[in-house]
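Structure first, commentary second.
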Amino acid sequence: MQIIYEEIHNSIQKLESLLKDFRVTMASLTCHVSRVYALPPIHPDEQVAHTRPIIVDQLDDLQGFEAAMSAFTNLYAVDAHSTRFAHRLPGLICVSGSAAAKDGLISNIQQINQQKEHIKETLLRIKNADKRYEIVHRLFPMIITLNIYRKIKFTDNPEHITFNWANKKSVVKTTKAKVLEKLTKQSRQKPSSLVTTADEWQLLIAKDIQDIQRIPEDCPLRYCRSLPMQPIVNINYKAIQFICALPLVAWHESGTFPKIVNLGNYLPKAQPRPVSLTMLPVIERLNLYRRLQTK
């Protein structure tokens, strides 16, 4: 374990050094577009509530550039901010310079992303999530793990960039045996906020176990969870598309810059979209569904 401690410590220190170099490199380039979309702070427990609007605050020029650099290089939470939640800052920084400067920027970004991936792989060697959290925060108090993991995206001479919102869901296969094992573990844990007493919690678990035991062994079960509304970016009319948690870095040499469709406010629809017409709820508090067999 001591070896992992040392590796994590050295790797994060190296990442911080690479990010300082990145800030210096970006400041040395000619910046043509600095535009980011600041999103309101939200409590982690409410981030999947799609019934609330998300109001976007567009920041341009120097203000946008400084906000972007802070998002790229700051790995830590401010006071009273949860280290389990990282703010997103979609946007675009469009730069140009000499051929050597371009090569240097690309190399710098590649090194940063490789270091981020190395840190992630090292941390995931610690299988227990609570232990993993304890180790990294003992070494670096207030560090936000997701800020370490998020990579910097680079694109070369894009013609068209569109920002938008995506409503995605996580669907994970499971089995009857695994669900029963999970419920058994839950019976030994503290009562959920859904109930007021330990006895009520045991009755709820017992009912859930009975419901699962009635299901055939080969019943296709799925955990279906709503993910947070995600800002996404489409490059060159969806030729490339990805979640945009950090500003996109774009290089332009021609003097003609991309057409940009800005990220607008997210306004929820009157009725939330159902999980799926082929899914039936089994235990809603676990987001557990059974998939209907289709011909």
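Considering only residues that are in contact with a Ser or Thr (Cβ under 8 Å, 6 or more places away or on another chain) and either in a helix (DSSP H, G or I) or under 17 Å from LEU288 (Cβ atoms) (or both), which ones fall in region 187-203?
Hits for region 187-203 are TRP201, GLN202.
Out of all the residues in region 159-182, is one or more in a helix (DSSP H, G or I), polar (S, T, N, Q) and farther than 30 Å from PRO268 by Cβ? Break it down stepwise before answering.
So the first thing to find is which residues in region 159-182 are in a helix (DSSP H, G or I), and the list is 176-182.
Next cut, polar (S, T, N, Q) only: none.
The answer is no, given that none of the residues of region 159-182 is in a helix (DSSP H, G or I), polar (S, T, N, Q) and farther than 30 Å from PRO268 by Cβ.
Exactly one condition in (1) over 30 Å from GLY255 (Cα atoms); (2) at pLDDT 90 or above; (3) in contact with a strand residue (DSSP E or B) (Cβ under 9 Å, 6 or more places away or on another chain) is false for VAL171; which is it?
(2)
I'd like the full set of residues that are over 29 Å from ALA68 (Cβ atoms), surrounded by 11 or more Cβ atoms within 10 Å (Cβ to Cβ) and of a type outside the set (Val, Ile, Thr), limited to region 142-174.
LYS169 - this is the single residue of region 142-174 that is over 29 Å from ALA68 (Cβ atoms), surrounded by 11 or more Cβ atoms within 10 Å (Cβ to Cβ) and of a type outside the set (Val, Ile, Thr).
For region 176-199, state whether one or more residues are touching a Lys or Arg at 6+ places or on another chain (Cβ under 7 Å) and surrounded by 15 or more Cβ atoms within 10 Å (Cβ to Cβ).
No, region 176-199 contains no residue that is touching a Lys or Arg at 6+ places or on another chain (Cβ under 7 Å) and surrounded by 15 or more Cβ atoms within 10 Å (Cβ to Cβ).
Which one of these is within 28 Å of the chain's Cα centre (by Cα) and of a type in the set (Ser, Thr, Tyr): THR196, THR162, THR184, THR256?
THR162
Considering only region 219-240, I want to know if a residue exists there that is within 30 Å of SER193 (Cα to Cα) and basic (Lys, Arg).
Here is the first cut: in region 219-240, the residues within 30 Å of SER193 (Cα to Cα) are 219-230.
Next cut, basic (Lys, Arg) only: 222, 225.
Within region 219-240 (the criterion being within 30 Å of SER193 (Cα to Cα) and basic (Lys, Arg)), the answer is yes, since at least one residue qualifies.
Going through region 174-202 one residue at a time, which ones are farther than 19 Å from ARG225 by Cβ, among the hydroxyl-bearing types (Ser, Thr, Tyr) and touching a Leu at 6+ places or on another chain (Cβ under 7 Å)?
none
Quick test for you: out of ALA206, ALA245, ALA250, pick the one residue that is assigned by TED's automatic domain parsing to the domain that holds SER70, on the phi < 0 side of the Ramachandran plot and not in a strand (DSSP E or B). Working first, answer last.
Working: ALA206 fails: assigned by TED's automatic domain parsing to the domain that holds SER70; ALA250 fails: not in a strand (DSSP E or B).
Checking each option against the conditions leaves just ALA245.
The values are calculated or read from the model by the stated rules, or taken from the named source; none is laboratory data. As the structure is a prediction and not an experimental result, all values here were calculated from the model. No Cβ is skipped: glycine too gets one built from the backbone with ideal geometry, and neighbour counts run over all protein chains shown.
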